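Take a look at the structure set out below.
The values are calculated or read from the model by the stated rules, or taken from the named source; none is laboratory data. The shown structure was predicted, so the numbers you read here are calculated from the model rather than taken from an experiment. No Cβ is skipped: glycine too gets one built from the backbone with ideal geometry, and neighbour counts run over all protein chains shown.
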Amino acid sequence: MKTLTIRQPDDWHLHLRDGAVLKAVAPHSAVHFARAIIMPNLVPPVVTTTDAAAYRERILAALPEGSSFTPLMTLYLTETTQAEDVEAGFRDGLIKAVKLYPAGATTNSQSGVRNIETAYPVLERMAAIGLPLCVHGEVTDPTVDIFDREAAFIERVLEPLRRRIPELRIVMEHITTKDGVDFVRAQGQNMGATITPHHLIINRNAILAGGIRPHYYCLPVAKREAHRLALRAAAISGHGPFFLGTDSAPHLDPLKECACGCAGIFNAPNTLACLAHVFEEEGALDQLEAFTSLNGPAFYRLPPNEKRITLRRQDVPVEMERKVSVGEETLTIFDPMFPIHWKVED
Ligand code: NCD
Ligand code: ZN
């Protein structure tokens, strides 16, 4: 039996939702992760520091008693976001990042930014104070093929933004392509990227080959195999700019299993078990801690967690839960399509 002890991981990209779903999913993140960057794409979105403070209270109220899980709050960038409010939230210690959603790019992104030029005053202020920008890196131009939207975003939005404000610290969220990996590798210190467990495990065949499988559909959509391999190489490299963001994004099953299903994969309950499997398969278990627990805090200028967790490999596969209940309804947990042998010890 093999064990691996690492500093407690953090999740640098997490959707906790609100209300009953928040109550159902928050404990699953809190049991494994010390901290998480909380995505602000609620309906309505978390736009002001006041919104973020109220959402933080609702998250804390949804945690199991005695949990020390720390939600790191973000603001949803709109064309009317005020630089003063952003800076005040940052100085308070409440706001850890601002999220850029190109309008219409993904779930609940209608209030996002249409023209990046309108956001430059806020972005310049963020660069001056050292507050990171998290970007959903896909263009929304309907003439661009969905599989090319990340590469087009790099060329049309990210490269000009880097040239215009090189001091701005940017995290390219949930990268899904070799183009994303290569771009991030070529940048200096001010650029990081999160990688999800599912993009290390599935390619687009999981969604489309042999029947349509809505629980593998998320945005950015999984790409072809060569891209998955590039993401794996980046994640297992231990290289500083690449770190874990689960993008755990629960939607109730009826909203996934229908004619126009929502984008989002719910993976919080088994992320660490899946990652241990991936890193073991790559002969890179010694790099898991860098990916889950060291590179993220370094980018966000926070200390790594002192607490340790131990992962244990069992000979017999672990029986994994497949669903989480929310009242009468259910959320389906990501199925990696391999037997899971790793378990986080209590
Ligand atoms: C996310 C969601 O459901 O909020 N969906 C997803 O497919 N990842 C939004 C996002 O991160 O794009
Ligand atoms: Zn997300």
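Within segment 301-316, the presence of at least one residue that is in contact with a His (Cβ under 7 Å, 6 or more places away or on another chain) and either closer than 21 Å to residue 6 by Cβ or at pLDDT 95 or above (or both) is confirmed. Taken together, the residues in segment 251-275 that are crowded, with 16+ Cβ neighbours inside 10 Å, away from ligand 1 (no atom under 16 Å from the Cβ) and of a type in the set (A, V, I, L, M, F, W, C) amount to 4.
Do we have any residue at all in segment 293-304 that's among the aliphatic types (A, V, I, L, M), within 22 Å of the chain's Cα centre (by Cα) and part of a helix (DSSP H, G or I)? Yes, the conditions are met somewhere in segment 293-304. When the test is whether a residue is surrounded by 14 or more Cβ atoms within 10 Å (Cβ to Cβ), among the β-branched types (Val, Ile, Thr) and either touching a Gly at 6+ places or on another chain (Cβ under 9 Å) or farther than 27 Å from residue 108 by Cβ (or both), residue 316 does not pass it. Within segment 96-138, restricting attention to residues that are more than 19 Å from the chain's Cα centre (by Cα), buried (at least 17 other Cβ atoms within 10 Å of the Cβ) and within 16 Å of ligand 1 (Cβ to nearest atom), the residue that is nearest to residue 175 (Cα to Cα) is 113.
Considering segment 8-40, and only residues there that are away from ligand 2 (no atom under 16 Å from the Cβ) and charged (D, E, K, R), the residue that is nearest to residue 197 (Cα to Cα) turns out to be 35. For segment 276-285, the criterion of being closer than 23 Å to residue 32 by Cβ, of a type in the set (A, V, I, L, M, F, W, C), over 16 Å from the mean Cα position of the chain (by Cα) and within 15 Å of ligand 1 (Cβ to nearest atom) is satisfied by no residue at all.
Filtered by the rule that a residue be crowded, with 24+ Cβ neighbours inside 10 Å and not hydrophobic (A, V, I, L, M, F, W, C), segment 170-193 gives 173, 174, 176, 177, 180, 192. Taking the criterion of being surrounded by fewer than 17 Cβ atoms within 10 Å (Cβ to Cβ) and not in a loop (DSSP other than H, G, I, E, B), the residues of segment 319-342 that qualify are 323, 325, 329, 330.
Scan segment 288-310 and tell me whether some residue there is within 16 Å of ligand 2 (Cβ to nearest atom) and surrounded by 16 or more Cβ atoms within 10 Å (Cβ to Cβ). Spell out how you get there, then give the answer.
First pass over segment 288-310, keeping only residues within 16 Å of ligand 2 (Cβ to nearest atom): 296.
Narrowing the set further to residues that are surrounded by 16 or more Cβ atoms within 10 Å (Cβ to Cβ) leaves 296.
Looking through segment 288-310, at least one residue is within 16 Å of ligand 2 (Cβ to nearest atom) and surrounded by 16 or more Cβ atoms within 10 Å (Cβ to Cβ).
Can you name every one of the helices (runs of 4 or more DSSP H) wholly within segment 145-205 that holds 1 or more residues which are of a type in the set (Val, Ile, Thr)?
Working: elements: 149-153, 159-164, 178-186, 197-201.
Because the criterion is at least 1 residues that are of a type in the set (Val, Ile, Thr), the helices (runs of 4 or more DSSP H) in segment 145-205 that meet it are 178-186, 197-201.
Does residue 141 meet the test of being surrounded by fewer than 19 Cβ atoms within 10 Å (Cβ to Cβ), charged (D, E, K, R) and part of a loop (DSSP other than H, G, I, E, B)?
On the way: surrounded by fewer than 19 Cβ atoms within 10 Å (Cβ to Cβ): yes; charged (D, E, K, R): yes; part of a loop (DSSP other than H, G, I, E, B): yes.
Judged against the criteria, residue 141 is a match.
Scanning segment 14-30 for residues that are surrounded by 24 or more Cβ atoms within 10 Å (Cβ to Cβ) and either of a type in the set (Gly, Ala, Ser) or in contact with a Cys (Cβ under 7 Å, 6 or more places away or on another chain) (or both) turns up 26, 29.
Take residue 238 and decide whether it is in a loop (DSSP other than H, G, I, E, B), under 22 Å from residue 9 (Cα atoms) and in contact (Cβ under 8 Å) with a residue 24 or more places away in the chain.
Details: in a loop (DSSP other than H, G, I, E, B): yes; under 22 Å from residue 9 (Cα atoms): yes; in contact (Cβ under 8 Å) with a residue 24 or more places away in the chain: yes.
It is true that residue 238 is in a loop (DSSP other than H, G, I, E, B), under 22 Å from residue 9 (Cα atoms) and in contact (Cβ under 8 Å) with a residue 24 or more places away in the chain.
Quick one: in segment 178-215, of everything that is in contact with a His (Cβ under 8 Å, 6 or more places away or on another chain) and within 15 Å of ligand 1 (Cβ to nearest atom), which residue is farthest from residue 270 (Cα to Cα)? Step by step, filter segment 178-215, then rank; the result is 194. Scanning segment 149-169 for residues that are surrounded by 15 or more Cβ atoms within 10 Å (Cβ to Cβ) and either within 16 Å of ligand 2 (Cβ to nearest atom) or acidic (Asp, Glu) (or both) yields 149, 150, 153.
Check segment 210-220 and report whether any residue there is within 16 Å of ligand 2 (Cβ to nearest atom), part of a helix (DSSP H, G or I) and under 16 Å from the mean Cα position of the chain (by Cα). Checked segment 210-220: at least one residue is within 16 Å of ligand 2 (Cβ to nearest atom), part of a helix (DSSP H, G or I) and under 16 Å from the mean Cα position of the chain (by Cα).
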